[in-house]
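Please find one structure pasted underneath; my questions will follow.
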Amino acid sequence: MFPLHRGRRLRLNESIRNLVRETTLSPSDFMFPMFIAEGENYKVEIASMPGIFRRSVDLTVEEVKELFAVGIRAVNIYVKVDETLKDNTGKEAWNPNGLMQNAIREIKAACPEMIVMPDVALDPYSIYGHDGIITNGAVENDSTNEALVKMAVSHAEAGADFVAPSDMMDGRVLRLRQGLDAAGFQNVGIMSYSAKYASAFYGPFRDALDSAPKEADIEVPKDKKTYQMDYANRIEAIKEALWDVEEGADMVLIKPGIAYLDIVREIKNVVNVPIVVFHVSGEYAMIKAAVERGWVDNDKVMMEQLMCIKRAGANLISTYFAKEAAIFLNNLK
Ligand code: PBG
């Protein structure tokens, strides 16, 4: 109580602030989401994500080495699939020589210590841009799970360290755990997107992969709201995370990030596995757009948002700022 206590004594100068700081960030807190495309020596910037590129596998490998050198220890990988390979079954997703599988193999060969977490969801492979198989106008849960198991096992065969199901089908974590174990991959982990909201903040990501729900010759849902969560809900997120842990998830992920930090804290309070937060494409795009206009400071806003995500309870942050933020932190040393 004042005047015995003065809160400002602990903020008097930078040294004191350093002593009492409750949260710190380091490069290994970040995971970098990477977009991979066919071809060689191919690198194209994503219009709505300045500084973020779609790269062919060879250039992805070079980038992964640079990421490792600045202290990043994990990458999330997503592929842009050729239109001719898409269908309603998603079968290209478990092609042992598909783009994803090749990328995993090449990255692990060049940089074995980088933890590789391929995305497990059918949307880049679906002609309808959905995360599952469409039957009678709806995304069918259980047959989609069977497809996801084949996909995840093919990622494990290619050398993935973790698989990262982002599809929000019911029961897929259990099915993936059983499928990986049956195939002999007991040590391949599952980082589950447990509380993934149906969010408009994924727009730039869908541009990057051309994976948005599309007009079709048959009746298909126009959005992902029958599987991704309603952003009005909080209790439901806790339920989803608890189920995923029971089903065998090694880590649970919440996304988007900044607008969902209440959910991060709620889940942190009830699960005993590491928490991952995905600071998604739209969040990155908004900051970069404001930076381009000179309206906010890139480094300051970047570090503030990442610190706040960690403070809320994240053990790991998947962010398009990963490399920039790691370089920023290294330069402070
Ligand atoms: C696809 C997937 C999406 C993201 C990660 N995995 C998009 C979606 O669900 O439509 C979004 C990531 C981002 O916006 O950065 N299953």
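The values are calculated or read from the model by the stated rules, or taken from the named source; none is laboratory data. Not measured: the values here are computed from a predicted model. Neighbour counts run over all protein chains shown; Cβ positions are idealised from the backbone, glycine included. Side chains included, ligands, DNA and RNA excluded: accessible areas come from the protein's heavy atoms. Shrake-Rupley method; radii C 1.70, N 1.55, O 1.52, S 1.80 Å.
Going by average Cβ density within 10 Å per residue, which order do the peptides 159-168, 183-192 take, highest to lowest?
Details: 159-168: 23.8, 183-192: 19.1.
Descending mean neighbour count gives 159-168, 183-192.
Limiting things to C-alpha atoms, what are the Rg and the maximum Cα-Cα separation (Dmax) for segment 24-332, in angstroms?
18.0, 56
Can you tell me the FRET efficiency between E113 and R11 if r is taken as the Cβ-Cβ distance and R0 is 56 Å, rounded to the nearest 0.05?
Details: r = 39 Å, r/R0 = 0.71.
It comes out at approximately 0.90.
Further question on the same structure: Taking springs between alpha-carbon atoms closer than 10 angstrom, which of V57, V81, V270 fluctuates most in the Gaussian network model of the chain?
Checking each option, the largest mean-square fluctuation is seen for V270.
Additional query: Pairs K150/K288; K43/K224; K222/K310; K91/K225: which are spaced more than 32 Å apart, C-alpha to C-alpha?
Values: K150/K288 38 Å; K43/K224 30 Å; K222/K310 34 Å; K91/K225 24 Å.
Violating the 32 Å Cα-Cα cut-off are K150/K288; K222/K310.
Enter the Cα centre distance for the pair segment 221-276 and segment 289-308, rounded to the nearest angstrom.
Here the two parts' Cα centres lie 26 Å apart.
Among G294, F162, T144, whose Cα sits farthest toward the positive end of the charge dipole of the chain (+1 at Cβ of Lys/Arg, -1 at Cβ of Asp/Glu, about the Cα centre)?
G294
Right, here's the next one. Which order do the peptides 227-236, 194-203 take when ranked by the mean count of other beta-carbon atoms within 10 Å per residue, highest first? Walk me through the intermediate numbers first.
On the way: 227-236: 14.3, 194-203: 21.2.
Ranked from most to least packed, the peptides come out as 194-203, 227-236.
Please report, in debye to the nearest 20, how large the charge dipole of segment 24-332 is about its Cα centre when each Lys and Arg carries +1 at its beta carbon and each Asp and Glu carries -1 there.
Numbers: 31 positive and 46 negative charges, 141 e Å.
Computed about the Cα centre, the dipole is about 680 debye.
Considering only DSSP states other than H, G, I, E and B, which GluC sites (Glu not before Pro) in segment 29-118 qualify as loop sites with at most 11 other Cβ atoms within 10 Å?
Taking segment 29-118 and a limit of 11 other Cβ atoms within 10 Å, the loop GluC sites (Glu not before Pro) found are E40, E113.
Further question on the same structure: Cross-link candidates for K239: which aspartates and glutamates have Cα within less than 13 Å, leaving aside residues fewer than 8 places away along the same chain?
D170, E247, E266
Solvent-accessible area of H130, probe 1.4 Å, all protein chains present, reported in Å² to the nearest ten, please.
In the full protein context, H130 sits at about 0 Å².
If you don't mind, another one. Which distance in Å, rounded to a whole number, links the C-alpha centroids of segment 83-104 and segment 29-68?
Value for the Cα centre distance between the two parts: 19 Å.
Show that you can apply the helix-only estimate: for the chain, add -39,500 (n - 2.57) for every DSSP H stretch of four or more residues, divide by all residues, and state [θ] at 222 nm to the nearest 500. Don't jump to the answer; show the numbers that get you there.
Details: 11 runs with 129 residues, N = 333.
Dividing the helical sum by the residues of the chain leaves -12000 deg cm²/dmol.
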